[in-house]
Amino acid sequence: MNFKVLAMNFGSTSTKVAIYEGDKEVMIQTFRHTNEEMANIHNMEENAAFRKGVIMNYLHEQGVALNELDAIVGRGGLMRPIQGGTYIVGENMLKDLHSCEYGYHVCNLGGILANEIGGELGKPAYVVDPPVVYEVADVAKLSGHPDFPRRPLFHALNQKAIAKRFAEESGRPYESLNLIVAHLGGGVSASVHRKGHIIDSLGDDDGQFSPERAGSVPGLELVRLCYSGKYTEAEMTKK
């Protein structure tokens with residue numbers, strides 16, 4: 001049976017929405033949001049309301065029969081570390097996404113809006129391979145200081161998808177392969193896949209810079225700037 005799924009992916013200035021029937025892409029659309037549109041959005045709730053309006057208006061204009069959908073799926077957000085896979089959006093996940101305890105990022109909207117839209121339609125809501133996939137080997141958790149253990153924060157969704165696509169094209173099971181996979185976008189990350197698990201990953205704090213990320217910077221200089229009085233915590237995080 002081919003299930004009909006509404007899929008959503010949120011970027012800082014983009015909203016991507018698609019409908020799939022099994023592996024078949026029925027429709028897909030990317031909305032680009034201007035600085036003016038985003039200027040009055042100050043928190044996750046306002047962002048969710050804005051993006052939901054964009055999505056629902058588009059589906060209405062396209063004449064999509066929402067009652068025919070089987071499930072709603074969103075890009076996973078920043079929450080407590082979990083194994084890779086597909087997860088039902090639940091109470092604990094929503095608490096993490098709304099509170100932003102594990103980080104404030106637009107990807108949190110994936111679970112939030114999948115749950116909202118799914119709840120209104122009476123359809124199940126899911127997220128897949130969020131950025132906090134934590135399957136690493138014990139040695140990969142170590143850093144140079146016990147107060148700063150390495151934690152996952154990388155493009156797990158795209159990396160798992162590309163690894164599985166490569167496996168399919170190669171005619172071999174993903175669980176049988178050892179791979180190095182890189183994501184090159186506004187942010188850059190790389191990971192080591194061993195027999196279906198990501199045993200190590202490099203994210204924004206691990207060295208490499210990218211078009212929208214500073215990467216790691218000299219620690220002493222960073223500490224001095226934090227205490228210089230020139231910037232607030234929010235300004236330093238953005239810097």
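The values are calculated or read from the model by the stated rules, or taken from the named source; none is laboratory data. As the structure is a computational prediction, the values presented were derived from the model and not from experiment. Neighbour counts are summed over all protein chains in view; Cβ atoms, including those assigned to glycine, are modelled from backbone coordinates with ideal geometry. The protein model used for the area step is the full one, side chains on, heavy atoms only, and it has no ligands, DNA or RNA in it. Shrake-Rupley method; radii C 1.70, N 1.55, O 1.52, S 1.80 Å.
Sum up the charges of everything whose Cβ sits under 12 Å from the Cβ of residue 215, counting Lys and Arg as +1 and Asp and Glu as -1, but leave residue 215 out.
Details: positive: 213; negative: 204, 205, 206, 212.
It works out to a net charge of -3.
Using the Cα centre of the stretch 121-161 as the reference point, and only Cβ charges (+1 on K/R, -1 on D/E), how large is the resulting charge dipole? Debye, rounded to the nearest 20.
140 debye
Can you give the accessible area of residue 106 in Å² (nearest 10), computed on protein heavy atoms with a 1.4 Å probe?
20 Å²
Over every pair of different alpha-carbon atoms in the chain, take the mean of 1/r and invert it; report that Kirkwood radius in Å.
Across the chain, the inverse of the average 1/r is 19.4 Å.
Percent relative contact order of the stretch 1-127, based on C-alpha pairs within less than 8 angstrom and at least six residues apart?
Relative contact order, the stretch 1-127: 28 percent.
Which whole-percent values make up P(r) of the stretch 185-239 when all C-alpha to C-alpha distances are grouped in 10 Å steps starting at zero?
In whole percents, the pair-distance histogram is 21, 39, 27, 11, 2.
With both partners inside the stretch 58-182, how many of the DSSP beta bridges are antiparallel, as a percent to the nearest 5?
Among the beta bridges of the stretch 58-182, antiparallel pairing accounts for roughly 40 percent.
Would you mind getting me the FRET efficiency between residue 176 and residue 224? Use the beta-carbon distance for r and R0 = 41 Å, nearest 0.05.
Values: r = 49 Å, r/R0 = 1.20.
So, using R0 = 41 Å, E works out to roughly 0.25.
Excluding residue 2 itself, calculate the net charge of residues whose Cβ lies under 15 Å from the Cβ of residue 2, where each Lys or Arg counts +1 and each Asp or Glu counts -1.
Values: positive: 4, 24; negative: 21, 23, 25, 68, 70.
Result for the neighbourhood of residue 2: -3.
How much accessible surface does residue 107 have with a 1.4 Å probe, in Å² rounded to 10?
Around 0 Å² of this residue is reachable by solvent.
Which order do 127, 136, 217 take by accessible area at a 1.4 Å probe, largest first?
Details: 127 0, 136 25, 217 75 Å².
If we order 127, 136, 217 from most to least accessible, we get 217, 136, 127.
Alpha carbon centre of the stretch 185-239 versus the stretch 1-36: separation in Å?
So the separation of the two Cα centres works out to 28 Å.
Assuming 0.36 nm per residue, please report the length gained on full extension of the stretch residue 168 to residue 137 beyond their Cα-Cα distance.
Result: 8.6 nm gained on full extension.
Stretched out fully, how many nm does the piece from residue 27 to residue 61 gain, at 0.36 nm a residue minus the Cα gap?
Full-extension gain reported as 11.0 nm.
In a GNM of the chain with a 10 Å cut-off on Cα contacts, which of 86, 34, 15 has the highest mean-square fluctuation?
Fluctuation is largest for 34.
If Lys and Arg each add +1 and Asp and Glu each add -1, what is the summed charge of the other residues whose beta carbon sits under 10 Å from the beta carbon of residue 153?
Working: positive: 150, 151; negative: 204, 205, 206.
With Lys, Arg at +1 and Asp, Glu at -1, the net is -1.
With an 8 Å Cα cut-off and a minimum separation of 6 or more residues, compute the relative contact order for the stretch 116-169 in percent.
Relative CO of the stretch 116-169 lands at 34 percent.
Summing -39500 (n - 2.57) over the DSSP H runs of n ≥ 4 in the chain and dividing by its residue number, what mean residue ellipticity at 222 nm do you reach, to the nearest 500 deg cm²/dmol?
Estimated from H runs of four or more residues: -9000 deg cm²/dmol.
For a quick check, take a GNM of the chain with Cα springs below 10 Å and name the residue from 159, 208, 62 with the largest mean-square fluctuation.
Top of the fluctuation ranking is 62.
Residue-wise, which Karplus ³J(HN,Hα) couplings in Hz belong to the stretch 138-154, taking 6.51 cos²θ - 1.76 cosθ + 1.60, θ = phi - 60°, and x for glycine or proline?
4, 5, 6, 7, 7, 10, x, 8, x, 7, 10, x, 5, 10, x, 6, 7
Taking only C-alpha pairs under 8 Å that are 6+ residues apart, what is the relative contact order of the chain in percent?
13 percent
Please say if the stretch 81-199 is rounded, prolate or oblate, where rounded means a/c under 1.5 for a ≥ b ≥ c the square roots of the C-alpha gyration tensor eigenvalues, and otherwise the choice is prolate for a/b larger than b/c and oblate otherwise?
Note, shape of the stretch 81-199 comes out oblate.
First compute the accessible area of the stretch 1-116 with a 1.4 Å probe, then give the percent of it belonging to carbon and sulfur atoms.
Using a 1.4 Å probe with all protein chains present, the stretch 1-116 comes out at 48 percent carbon and sulfur.
Roughly how many percent of the accessible protein surface of the stretch 121-239 is carbon and sulfur, given a 1.4 Å probe and a whole-percent answer?
That fraction is 58 percent.
Compute the accessible area per residue over the stretch 108-156, keeping the other protein chains in place, probe 1.4 Å, unit Å². Present the calculation step by step, with values, prior to reporting the outcome.
Details: 2270 Å² over 49 residues.
Value returned for the stretch 108-156: 46 Å² of accessible area per residue.
For residue 50, what accessible surface area do you get with a 1.4 Å probe? Give it in Å², rounded to 10.
Counting only protein heavy atoms, the figure is 50 Å².
When DSSP beta bridges are limited to those with both residues in the chain, what percentage is antiparallel, rounded to the nearest 5?
Bridges in the chain that DSSP calls antiparallel: roughly 80 percent.
Grab the beta carbon distance between residue 231 and residue 36, set R0 = 22 Å, and tell me the FRET efficiency rounded to 0.05.
Details: r = 26 Å, r/R0 = 1.17.
Taking R0 as 22 Å, the efficiency between residue 231 and residue 36 is 0.30.
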